[in-house]
Amino acid sequence: MSNSRALILTITRIEADYLADLVEQFISLLGDYSDEQPSAAAPASPGAGAIAGAFGGSEATPEDPAIARLMPDAYADGDAAAEFRRHTENDLVERRIRDARRVLAGLDMSLNEPVSGHVPHAVSDPQAPFDVVLDHEAGEAWMRTLAAVRLVVASRLGIETEDDDAEARADDDEDGRFGVYDWLGFRLDGIVQALDDSEL
């Protein structure tokens, strides 16, 4: 990674504001879900304590369809899926939250003035360019987070396939969430391409 070029993502200040708000909502969604789960059991021995952080997740598929899509069953067999989820869910939630916080940190470390989570509209032109400098690792965190947030929006819109997308838009093409869904896809494609180019 040391030879990878830095990535510069240029968005408008109003986009930065919207993105910060979406990511904060995403962190809250995961945090609320995590708070609802039972605490991890104390390790049976000091040796077990070395990996105890990987345990304590729920064995049940999340009731919220958006959370369920973020953490799908790993196996078709119900018992195997439940055991795998119990061992990995907490770690997966924590990694998604870390990635999301890295996105917020990237917005605050812009080449321009920091947004501190939100663009101050009173003192900034909403359409002014807003540059975010990312190394490859941070770019991957952004990619994972935007993909995850877009998956949540898709779930709220009832989109799982392209056919679902077309049907949902036909039912209510004025729903503003479609614009958010499309914008996230556009920005996600740009980050993926930039990451690929940085490896050349």
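Laboratory data are not the source of any read-out in this text; all were calculated from the coordinates shown. Worth saying up front: this structure is predicted, and the values here are computed from it rather than measured. Using ideal geometry, Cβ is built from the backbone for each residue, glycine included, and neighbour counts are taken over all protein chains shown.
Highest average first, the peptides 171-180, 24-33, 185-194 ordered by how many other beta carbon atoms sit within 10 Å of their residues are 24-33, 185-194, 171-180. Summing +1 for each Lys or Arg and -1 for each Asp or Glu among the other residues whose beta-carbon sits under 10 angstrom from that of residue 154 gives +1. Around the amide H of residue 130, modelled in the peptide plane, lie the amide H atoms of 11, 12, 13, all under 5 Å away and 5 or more residues distant in sequence or on another chain. Computed from backbone phi with θ = phi - 60° and the Karplus coefficients 6.51, -1.76 and 1.60, the 3J(HN,Hα) list for segment 130-146 is 10, 9, 10, 9, 10, 7, 4, 5, 5, x, 5, 5, 4, 4, 5, 6, 4 Hz; x is used for glycine and proline. Panel note: the C-alpha atoms of segment 146-200, placed on their principal axes, show extents of 43, 19, 16 Å (largest first).
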